[in-house]
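In what follows, a single structure is set out as structure tokens and then discussed.
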Amino acid sequence: MSPTSSPEPSADYDPPRSTCPLCGGGPLRRRLRDFRGHGIDGCTACGVEFMNPQYSDDSLRRFYAGYTCGLHHEGDTSHRRNPEVRRLGKRRTLELIASHAPGRRILMVGCGDGLELQEALATGWQPEGYDVDPKATAAIAERLGVPVHCGEFHDLLARTGGYDAIFLDQVIEHPKDPGRYLDTCHALLRPGGVLFLGMPNLGSISNRLKTFADRLRLRSRPARHYNTRHHLTFFRPSVLSKLLRERYGMAVLCVRSSMKPQRSQVAALFHRLGTVFDSSFLVIARRHRLG
Ligand SMILES: [Zn+2]
């Protein structure tokens with residue numbers, strides 16, 4: 001497919017969206033088209049960017065059948081996928097959340113291979129998990145002895161709630177209804193509970209330079225950094241913080257680069273300087289204490 005052509009209409013895609021999947025508003029502006037032919041639109045109301053048209057439900061179901069974080073990245077020997085780097089990153093993140101959460105009951109959404117549930121158990125939390133694969137979630141629940149929910153995420157509202165913390169690390173960029181995900185997460189928190197979101201950073205210097213080059217058509221595989229094979233919505237720290245404040249009345253407690261150990265002291269120094277130097281960022285926000 002040429003970078004300038006659209007994907008052929010097929011069962012793999014929904015009709016194009018005319019409203020934003022995060023805030024429901026608009027109008028939308030075409031930002032660029034990636035090397036797969038996927039359009040990337042920006043919402044002029046909230047500033048988020050997203051793939052448009054989006055994958056159909058069937059297509060996503062097929063893609064996520066059997067998808068787990070650990071298995072999916074098997075064979076990936078990069079620093080960020082190193083098991084010890086992942087484990088330390090999760091542990092430091094949980095310590096940071098603990099410094100803000102009113103209690104220790106935590107729901108870990110997109111719990112993948114169970115690493116974050118394991119780290120939560122080891123550091124004094126009462127964790128519960130959620131993921132999409134029935135076999136993987138049943139196996140993790142049995143191995144760790146903690147509840148791991150499955151099925152439609154939004155149905156959790158009828159079954160559970162009142163969490164001190166909700167944890168989504170590299171999750172919110174995957175579903176095509178991120179606004180509804182945030183609605184559900186907010187409703188599942190007890191008043192004063194905290195929401196943790198970690199995700200790729202479209203606003204990093206590296207990603208800004210790549211986007212700039214792609215808009216000038218300087219690269220042979222444009223917008224590869226959007227990674228539309230896996231990711232549907234693309235966030236900057238300022239966009240997410242503003243949405244959490246204005247839509248939910250949440251207090252944004254922390255916006256920073258990710259807690260993963262860096263590969264060198266120089267990388268760690270830049271990492272501490274701000275979110276623009278990291279390909280991922282995190283936000284912690286508190287639900288209003290009066291509910
Ligand atoms: Zn929007």
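The values are calculated or read from the model by the stated rules, or taken from the named source; none is laboratory data. Keep in mind it's a predicted model, so treat the numbers as computed, not measured. Heads up, the Cβs are rebuilt from the backbone with ideal geometry, glycines too, and the neighbour counts pull from every protein chain shown.
For residue 105, indicate whether it is without any contact (Cβ under 8 Å) to a residue 60 or more places away in the chain and over 15 Å from residue 284 (Cβ atoms).
no
What residue, among those in the stretch 1-28 that are touching a Ser or Thr at 6+ places or on another chain (Cβ under 6 Å) and within 15 Å of the ligand (Cβ to nearest atom), is modelled with the lowest pLDDT?
26
Kindly indicate the residue of the stretch 29-59 that is more than 21 Å from residue 241 (Cα to Cα) and surrounded by fewer than 15 Cβ atoms within 10 Å (Cβ to Cβ) and also nearest to the ligand (Cβ to nearest atom) among those meeting that condition.
So, considering only residues that are more than 21 Å from residue 241 (Cα to Cα) and surrounded by fewer than 15 Cβ atoms within 10 Å (Cβ to Cβ), the one nearest to the ligand (Cβ to nearest atom) is 29.
Report, ordered by the first and then the second residue, all pairs with beta carbons closer than 8 Å, sequence separation of six or more or different chains, a first member in the stretch 38-56 that is among the small types (Gly, Ala, Ser), and a second member that is within 9 Å of the ligand (Cβ to nearest atom).
The qualifying pairs are 42/28; 42/48; 45/20; 45/23; 45/25; 45/26; 47/239.
Does residue 239 fit the bill of being closer than 17 Å to residue 49 by Cα and not in a strand (DSSP E or B)?
Yes, satisfied.
For the stretch 270-279, check the following and say yes or no: at least one residue is in a loop (DSSP other than H, G, I, E, B), charged (D, E, K, R), more than 25 Å from residue 54 (Cβ to Cβ) and at pLDDT below 90.
yes
Taking residue 143, is it of a type in the set (D, E, K, R), within 19 Å of the chain's Cα centre (by Cα) and modelled with pLDDT of 95 or more?
When the stated conditions are applied, residue 143 does not pass them.
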